[in-house]
Amino acid sequence: MSVIELNPTNCRNCYKCIRECPIKAIAFKDGRAKIIDKECILCGICVQSCPQNAKYIRNDVDEVKSLLRLGKPVYASVAPSWQGWYGTDDFSVLSAALKKLGFAGVEETAIGAAETSREYAELMEKGSMKNIIGTACASVVMLIERKYPELIK
């Protein structure tokens, strides 16, 4: 199951997504564009390039609400852009609000990114690896895993 979904009724066989996909992870099958999940790196170019709005990013808000209603532990990792959305620069206010909604924990994504950057810096200082690709971009990680697995080590 992918985070990129297809509304087949909107697909008009224009093939634009197939032409635009940088890794050719879209095929034409049964009269419609079909994302090849095991090849797709979730870059979103097909979503941006589709003139028919046949592709869209899956929305899991209802699933999150359901988990919260069931009392399941749900954690929020908040992107650095939160300040521009919520009208405050006090993270404790946002954290308290999300916990009031039922989230078990709330943290800024940037904290994990800072830890990761420190670890990459340490690896570079040691010089123990020939190549280091440090990124928070899941699409780059997936690209390497799927197209260049020899670089994983």
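In the condition set (1) out of contact with any Leu (no Cβ under 8 Å at 6 or more places or on another chain); (2) surrounded by 13 or more Cβ atoms within 10 Å (Cβ to Cβ), Gly102 is compliant with all but (1).
Going by the structure shown, is Gly31 of a type outside the set (Lys, Arg), open to solvent by less than 80 Å² (accessible area, probe 1.4 Å) and at pLDDT below 90? Working first, answer last.
Numbers: of a type outside the set (Lys, Arg): yes; open to solvent by less than 80 Å² (accessible area, probe 1.4 Å): yes; at pLDDT below 90: yes.
Yes; evaluated as a whole, the condition is true for this residue.
Screening Ser77 on (1) assigned to a loop (DSSP other than H, G, I, E, B); (2) under 18 Å from the mean Cα position of the chain (by Cα); (3) surrounded by 12 or more Cβ atoms within 10 Å (Cβ to Cβ) shows it passes everything except condition (1). Residues in region 127-140 include none that are in a helix (DSSP H, G or I) and over 30 Å from Ile45 (Cβ atoms). The residues listed here are Thr116, Thr88; of these, the one that is part of a loop (DSSP other than H, G, I, E, B), surrounded by 12 or more Cβ atoms within 10 Å (Cβ to Cβ) and of a type in the set (Val, Ile, Thr) is Thr88.
For region 13-28, how many residues meet the condition of being touching a helix residue (DSSP H, G or I) at 6+ places or on another chain (Cβ under 8 Å) and modelled with pLDDT under 90? Residues that pass the stated criteria total 1.
Across region 9-28, the qualifying residues are those that are farther than 24 Å from Glu145 by Cβ and assigned to a helix (DSSP H, G or I), and the one among them that is most open to solvent (accessible area, probe 1.4 Å) is Arg19.
Out of region 54-68, which residues are touching a residue at least 12 places away in the same chain (Cβ under 8 Å) and either loosely packed, with under 10 Cβ neighbours inside 10 Å or within 27 Å of Ile26 (Cα to Cα) (or both)? Steps first, please.
Here is the first cut: in region 54-68, the ones touching a residue at least 12 places away in the same chain (Cβ under 8 Å) are 54-58, 68.
The answer is Ala54, Lys55, Tyr56, Ile57, Arg58.
All conditions but one from (1) in a loop (DSSP other than H, G, I, E, B); (2) in contact (Cβ under 8 Å) with a residue 40 or more places away in the chain apply to Pro51; the one that does not is (2). For first residues located in region 125-143 and under 14 Å from Lys153 (Cα atoms), partners that are in a helix (DSSP H, G or I) and of a type outside the set (A, V, I, L, M) and lie 6+ apart or on another chain with Cβ distances below 8 Å form the pairs Ile132/Tyr120; Gly134/Thr116; Gly134/Ser117; Gly134/Tyr120.
Being surrounded by 10 or more Cβ atoms within 10 Å (Cβ to Cβ), touching a Cys at 6+ places or on another chain (Cβ under 9 Å), within 18 Å of Lys16 (Cβ to Cβ) and β-branched (Val, Ile, Thr): is that true of Ile36 here?
Working: surrounded by 10 or more Cβ atoms within 10 Å (Cβ to Cβ): yes; touching a Cys at 6+ places or on another chain (Cβ under 9 Å): no; within 18 Å of Lys16 (Cβ to Cβ): yes; β-branched (Val, Ile, Thr): yes.
No.
The values are calculated or read from the model by the stated rules, or taken from the named source; none is laboratory data. This one's a predicted model, so the numbers in the text were calculated from it and none came from an experiment. Cβ atoms come from the backbone with ideal geometry, glycine included; neighbour counts cover every protein chain shown. Accessible surface areas use protein heavy atoms only, side chains included; no ligands, DNA or RNA. Shrake-Rupley method; radii C 1.70, N 1.55, O 1.52, S 1.80 Å.
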